[in-house]
Structures are given as structure tokens and as C-alpha cells.
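So the structure is just underneath, and the comments pick up after that.
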Amino acid sequence: MSSRWKLPYFITRHVLYALVIGGVAGIGFMLFLIEFDHLTSSEAFCTTCHSMELAAESYRQSTHYNPVSGVRASCGDCHVSEGVFAATWDHFLGGKDLFSQIFGPDYDDPVINVLHLPDAAFAARTWFKSKDSATCKRCHVLEAIQGKRADTNAIHREETTGKSCIDCHINVVHRKVPDEKTFKRAQWHRMIEEEFGLEAGMANQLMAK
Amino acid sequence: MNLSLLRRLLCLALICCHPTLFAAKVTVDPNQWGDPLGKECISCHEKASPGLAQQWHKSAHAEAGVNCLDCHKASVEDNDAITHEGQVIATIVSPLDCSRCHTVEYEQQKGSVHSEAATIIENRLPALAGHVGGDAIVAAGCDQCHGSKVKLRGDGTIDPSTWPNSGIGRINPDGSKGSCSSCHGKHRFSKAQAREPSACVRCHSGPDSPDKAIYEASKHGMQFQSHRDEMALTSDSWVAGKDYVAAPTCVTCHMGAAGKLKATHDVGMRNVWSLNTPISQRQQLVVFEDGDKLELPESQTSPRRGSELTKSDGSMGKVKGVATPKRRRQAMNLVCLECHSKSFAGSFMKQFDGVIKLFNEKFGKPAKGIMQALYSEGLLTPVPFDEPIEFTYWELWHDEGARARHGAAMASANHTWWEGMYLVGRNFYARFLPQVEMVAGKETAKALIEEHVKSLDHHQWMDKPQKANPILGYDVTRQDNE
């Protein structure tokens, strides 16, 4: 009987210790990742960088921040994928933003920030498109979209074949940026120069830095 | 044939040889419209904006297979291009966009007084709308008729102070001027609706050009109201005297086909006088080779065909032809002749011209002369509208002065006199002249009034204070007895 329960010969005591420690460490690591992803998806964490505080300004004016339902979407709800591995990967990729924040242009400067905003918006849209707007669908269920007008439901039922949320719903939360296809940087620069009272051509100079 | 006769014939040709039908037949190959991608817009817009979708469904455009994208499509490099449901479109459909098919109408309206409506008031706006009103008034008032200069923002939106706007002289992102939808309401584009006098009312109303009220008060307007069912407003061909005879509308006289006179989308072509100016002038219309136009006072030498001339925007243009005031009047008369005799029409025009000349000589020129003197003497500050007399002078020609002249042009006796010249007279004698004295002092005012006013026969009555009349109750009998 004892022979039936006998461990294979290569499971020595040390291996057993390693397995138990490794297992606990693994569970601990996974729990850590879950907590890590959770914490680093929060508005409070994101806005520890001043540049992100600038992005949050428009967010706090949006219906995603103040919906009548009270269901508030935080930064990560939209910008970080669901699932611990995907979320960790997204955070890993997001590390390059941190790199840019430290070594790149001075994104904390509102002018520099908004001059680079279109590129950020285009990148975000491409990301949403590549995920088939998966993070939108965490909360929004196509079949359940009613809207205030009767037609809103019909449009979402009948006119959305082959389309992803982001195809139509851009500029929902952050400052409006045109679609990349029709975006004209010179016009964007002129608008920013007017807005911040800069001399003509300053935007180009700032971008070249 | 001498040269002047040749030039006259060319002018006549210029007026009369304007394209043949009122709504010129579209000559574009039908394969050029009905973009299959545009058909995809419809089912969504039937839900998202059912009003405009239904209007389009009932339009001649829908009937011909012209869809949303045919008018709204844009290229990515267009200033106002946006992406919408995967298509590159522009919100604003400019006259240049319409000209993809309606080339003739575009060429006609180009350079017309309508398409230049914003440009014409550009230098007045800062004083009137800026000082007396404010930016909000420019957007919701002035620009809604005259047209805004559409401003695009770097984020792809249109500056809300410049859009929505259907002003007829709108300066569009593509550089074209005008707004077809000003008369042809968007999405339905009904020709019947554009032929209605009410199409003009949105702007041709108010103290300076109460043309709706004038028209309605005239016999023409009364006939239209009584017999509108005989007006054939929906007819493809709409030639006065042939397709309808019940009454003329605004369009009939200013744009419409009548007898042999061809229709035109240049609304000012048949106007001899400038009516909304401090002093009316008979004007000649210079047409440039590129289609641009320029109004010149008759007093100026007529430019020769082929010569170079400075256009209203400052650039140079080659003169294609000149429509003299005489020819323009002849064109307008051709409309009258569909119903009236030559002498009837001619005498009506004499009555009209008489009112214009009276306004010019009796009030327009003296008031302008005095104002210029007050400015040059430094008795008024250069800034407009900071002194009461400036309002009085402005209204004298811009409000009641214009009403009198428009009233005479379109046969409303009431507007010519009580709403017009009576008020001009009252405000001239009882407000303007006393204000001159307040501004300039007794001595200087007396000299100015002697020079500009009392030297004219029109004002001699002022020097005859004993010439009594019972109209205000003065007892003529007793005076005679005493």
C-alpha cells in the first residue's frame, strides 16, 4: 500500500520544498500582478504624472466620469485590457510612456502636451481598433443600447455590422482631435498658438525641440 | 457700325444671352452622380435625422438619384474635410460643390451682389456690429443674412461663431462665396419654394429693406396672394408671360425668365440704382473674363472690353463686358412688358427714378456734405456712433431712406411716403439739423445749413415762415383778417 503512494524517485525533499515555495511565490506573484494592474489602472495612479493630469481634465468633464448611472469608468477601464496577462502586457507596453515622460519632451507643459496630443489620440484609436473596442464592451452591450431617442437603439441594431465602437465614437472623453485621415497639423498648430497666445511658428519650433 | 454701337450690342448680348432656362439643364453625365457609397448614408440618417432624410426623399435630387455623398463628399486635403462613418465628407456644401453639376448657376451667382454680401459690409461691421452690438450679434444677426467667413479650427470643428450659417455671401472654406441653401432650403432644394416671395423674406425684411412688406403692400403682392394657385411654382419651365401671368414674385423681376429675357442667378444684374447707399448711384456692371463682377458708378468712364481693371478684392482682372445702366433697365423692362405697355412701364420707372433723385438731391447729398464737414472740422470724433447725430444720419439713409427708395422701386405707396420719405424729412428737419447746431454751435451750424441745405430749391420753403397752412390748426382766416 505504501508503495502505491510512493513519490517518484526524482521528487526529493528538496524538490518538494521548491515546489511548495515556488507555488506559494507563484500565487503571490499572480496576486501581486492582479493588485498591481488594479492599482496602476486607477486615475489616482495615472495622474501621479502631471502630464496625465492634463489628460484627466477633459476626462473629468466627460460623461464617462460623470454618468447619470453613476458607473464611473477609470483610466484603466478603457485603456487597459481585461485579464491579468493582457493587462500586465498593456502596462508593460505603457512603460514606454513612462520612459518618454522622463526622457522625452516636457509633456507636463500644457502647450507641449497638447501639441503631441493628436499623436497620442491616433495611437489610442489604433489600439482600440486592434482590440475591436474590447474595453468599451466591458460595460456597453450593443443589444442593450437604448439611448434617449428611439432611433438610437435601431441604429445600433441595424447599422453597426462590421463596425467597432471606436469607428464612430471617437472624441468621447478627451479633447477633440480629428481623424488621422483628415488631420492637418498646420491647422492644429495654428489653433494651439491662438489658444495660448503664441507667435505664429512657435508650435513648429516647440515640436522640433 | 461704330464702336459705341458695337459695345452696346455686346452689352445687350451679355444680358440677354445668359443661359437659356431658369433652372439650366444639368449637362453632367449621370454616371457622375449617384455614388454607391452615398446610398449607405440613407438608412442610418433616416433614423438619426429623419427630418432631413425625408426632405431629401421628396427632393428632385432623390428623384434623379443624387445622394448625400454626391454633395457632401470631400478630399482629405480639403480644409473642412472630416471623416464620417468611414467616408471623407464636408459639412458645408458650398456653391463650388453645387457647381459640380449646376455650373451655369454657379457662374451666374459668382460675383453677384448676393455672393458679395459679406464682403460688401466687411468694413462697416466693426463699427456697427462691434460698437453698437457685439460679437454675438455678428454671429446671430449680421452674418446670418450677409454670410459669415467660415472659420475652421485645428480640431476639425467649425468655429460656432461662424457656423451654422446660410448667409448668402458666406465665405466658404473652399474660397467660394455664397450659400445656395440661403434660398433653396437644405435637403429639399425645392424650386417652388425658392420662387416664393417668402424665400427672400428671411433677409429682405426689417427697417432697411422691408421688401416683404413692400411687396405685400403692392398690387403685385396682392395679385400673388389672390392667385397663387395659378403661379405654376412647381413647373420646370417658369417663364413669365408664358407659364404664368397671375403676378410677378421677387424672382420674376430680379432673376426670372420673361418672354425673350433669359433667367439669371445674378440677382443684381437688372438693378440700375444702388438703393442701400447714402446717395443712390446709377451703376454699370463690369463682368470680368473669370466671371467676377464689379459695380462701377455710371459717372466713371466705362472700361473697354479686354482692358485691365482692379477688382473688388484688389486683384487685376480682364474686362469681358460692361452692362450699362441703360441696358440693365431695358432688361428689367422686358419683364414689365409681359403685362404692361411700354409707356406704362416707362412712366412707372420715371416715378421711381424721381423718388431716387429727390432723396439724393434733397436729403442724401446735403446730409452727407454736412457730416463730412463736421468730421473734417473735428466737431465729431472719428469713431462712429458715439454721438447722437451719427445715429440720425445713419438711419436717414440706411433705414427710412432705403425704405423710401425700395418702396418706390416696388410700388408700395405707403413705404415710399409714410414709412419712407416722410420719416426722412421729419428726421432731417426735426432731428438732424437741430443736432448739427448742437454739435457745431449756432454760427457754424448756420453757415453749414446755408451752404448745404438752404442753397437748394428743395428747402426754400424754410425761409418763408409766413406761408401758412391749416394742416396743423393754424387759423388762416383770422390771420388774413388781422
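The values are calculated or read from the model by the stated rules, or taken from the named source; none is laboratory data. As the structure is a prediction and not an experimental result, all values here were calculated from the model. Methodologically, a virtual Cβ is constructed for each residue, glycine included, from the backbone with ideal geometry; neighbour enumeration extends over all protein chains shown.
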### Query
Taking B:Lys454, is it over 30 Å from B:Ser205 (Cβ atoms) and at pLDDT 95 or above?
yes
### Message
Which residue is nearest to the other protein chains (Cβ to nearest Cβ), if the candidates are limited to the stretch A:128-147 and must be surrounded by 17 or more Cβ atoms within 10 Å (Cβ to Cβ) and assigned to a helix (DSSP H, G or I)?
### Response
A:Phe128
### Message
Considering only the stretch B:187-195, I want to know if a residue exists there that is over 30 Å from A:Lys181 (Cβ atoms), in a loop (DSSP other than H, G, I, E, B), at pLDDT 95 or above and of a type outside the set (D, E, K, R).
### Response
no
### Query
Restricting the search to the stretch A:57-103, which residues are assigned to a helix (DSSP H, G or I), under 28 Å from A:Gln146 (Cα atoms) and polar (S, T, N, Q)?
A:Ser58
### Query
Could you count how many residues in the stretch B:62-85 are among the acidic types (Asp, Glu), within 14 Å of chain A (Cβ to nearest Cβ) and surrounded by 19 or more Cβ atoms within 10 Å (Cβ to Cβ)?
1
### Query
Which ranges mark the helices (runs of 4 or more DSSP H) fully within the stretch B:392-482 that have 2 or more residues being under 16 Å from B:Met371 (Cα atoms) and among the small types (Gly, Ala, Ser)?
B:442-449
### Message
Every residue in the stretch A:189-203 that is more than 13 Å from chain B (Cβ to nearest Cβ) and part of a helix (DSSP H, G or I), please.
### Response
A:Met202
### Message
List the residue pairs whose Cβ atoms are under 9 Å apart, where the first residue sits in the stretch B:199-218 and is under 23 Å from B:Asp143 (Cβ atoms) and of a type in the set (S, T, N, Q), the second is at pLDDT below 95 and surrounded by fewer than 18 Cβ atoms within 10 Å (Cβ to Cβ), and the two are 6 or more positions apart or on different chains.
### Response
B:Ser209/B:Asn276
### Query
Could you say whether any residue in the stretch B:422-429 is among the small types (Gly, Ala, Ser), at pLDDT below 95, surrounded by 11 or more Cβ atoms within 10 Å (Cβ to Cβ) and out of contact with any His (no Cβ under 7 Å at 6 or more places or on another chain)?
no
## Note on the structure
B:Cys339 vs (1) out of contact with any Leu (no Cβ under 7 Å at 6 or more places or on another chain); (2) outside any helix (DSSP H, G or I); (3) free of Cβ contacts under 8 Å to residues at least 24 places away in the same chain; (4) surrounded by 14 or more Cβ atoms within 10 Å (Cβ to Cβ): all pass except (3)
### Task
May I ask you to list the residues in the stretch B:312-336 that are surrounded by fewer than 16 Cβ atoms within 10 Å (Cβ to Cβ) and outside any helix (DSSP H, G or I)?
B:Ser312, B:Asp313, B:Gly314, B:Ser315, B:Met316, B:Lys318
#### Entry: Condition met for A:Val177 (among the aliphatic types (A, V, I, L, M), outside any helix (DSSP H, G or I) and within 13 Å of another protein chain (Cβ to nearest Cβ))
yes
#### Entry: Per-region count, the stretch B:145-157, residues within 12 Å of chain A (Cβ to nearest Cβ) and not in a loop (DSSP other than H, G, I, E, B)
1
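Restricting attention to the stretch A:158-205, report how many residues are aromatic (Phe, Trp, Tyr) and surrounded by 18 or more Cβ atoms within 10 Å (Cβ to Cβ). Spell out the reasoning first.
Step one: list which residues in the stretch A:158-205 are aromatic (Phe, Trp, Tyr), which gives A:183, A:188, A:196.
Then drop every residue that is not surrounded by 18 or more Cβ atoms within 10 Å (Cβ to Cβ), which leaves A:183, A:188.
Final tally of qualifying residues: 2.
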### Summary
Conditions (1) hydrophobic (A, V, I, L, M, F, W, C); (2) out of contact with any Leu (no Cβ under 9 Å at 6 or more places or on another chain); (3) more than 10 Å from chain B (Cβ to nearest Cβ); (4) surrounded by 12 or more Cβ atoms within 10 Å (Cβ to Cβ) -> A:Ala208 fails only (4)
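A quick yes/no check of all residues on (1) within 30 Å of the chain's Cα centre (by Cα); (2) surrounded by fewer than 20 Cβ atoms within 10 Å (Cβ to Cβ); (3) modelled with pLDDT of 95 or more:
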| residue | (1), (2), (3) |
| --- | --- |
| B:Ser43 | no, yes, no |
| B:Gln54 | no, yes, yes |
| B:Gln87 | no, yes, no |
| B:Thr91 | yes, yes, yes |
| B:Arg100 | yes, yes, no |
| B:Lys110 | yes, no, no |
| B:Glu116 | yes, no, no |
### Boolean, B:Pro164 is part of a loop (DSSP other than H, G, I, E, B), surrounded by fewer than 22 Cβ atoms within 10 Å (Cβ to Cβ) and within 14 Å of chain A (Cβ to nearest Cβ)
no
### Message
Filter the stretch B:354-370 down to the residues that are of a type in the set (Phe, Trp, Tyr) and over 21 Å from the mean Cα position of the chain (by Cα) and list them by number.
### Response
B:Phe363
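Farther than 30 Å from B:Thr83 by Cβ, outside the structural domain of B:Pro384 (by TED's automatic domain parsing) and either touching a helix residue (DSSP H, G or I) at 6+ places or on another chain (Cβ under 7 Å) or not polar (S, T, N, Q) (or both): which single residue out of B:Asp229, B:Asp155, B:Asp174, B:Asp143 fits that description?
The conditions single out B:Asp229.
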### Query
What is the residue count in the stretch B:359-390 for residues that are closer than 21 Å to B:Gln460 by Cα and touching a Pro at 6+ places or on another chain (Cβ under 7 Å)?
2
#### Entry: Filtered residue count, the stretch A:157-168, keeping only those that are facing chain B (nearest Cβ under 10 Å) and hydroxyl-bearing (Ser, Thr, Tyr)
1
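Of the residues that make up the stretch B:252-260, is at least one assigned to a loop (DSSP other than H, G, I, E, B) and surrounded by 15 or more Cβ atoms within 10 Å (Cβ to Cβ)?
Of the stretch B:252-260, the ones assigned to a loop (DSSP other than H, G, I, E, B) are B:255-256, B:259-260.
Next, from what is left, pick out any that are surrounded by 15 or more Cβ atoms within 10 Å (Cβ to Cβ): B:255-256.
Among the residues of the stretch B:252-260, at least one is assigned to a loop (DSSP other than H, G, I, E, B) and surrounded by 15 or more Cβ atoms within 10 Å (Cβ to Cβ), which makes the answer yes.
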### Query
Can you name the condition, by its number, that A:Asn171 falls short on among (1) over 16 Å from the mean Cα position of the chain (by Cα); (2) polar (S, T, N, Q); (3) within 14 Å of another protein chain (Cβ to nearest Cβ)?
(1)
### Query
Which residue, of A:Ala154, A:Ala150, A:Ala186, A:Ala120, is more than 11 Å from every other protein chain (Cβ to nearest Cβ) and among the aliphatic types (A, V, I, L, M)?
A:Ala120
### Task
Take B:Ala263 and decide whether it is out of contact with any helix residue (DSSP H, G or I) (no Cβ under 7 Å at 6 or more places or on another chain), surrounded by 22 or more Cβ atoms within 10 Å (Cβ to Cβ) and part of a loop (DSSP other than H, G, I, E, B).
yes
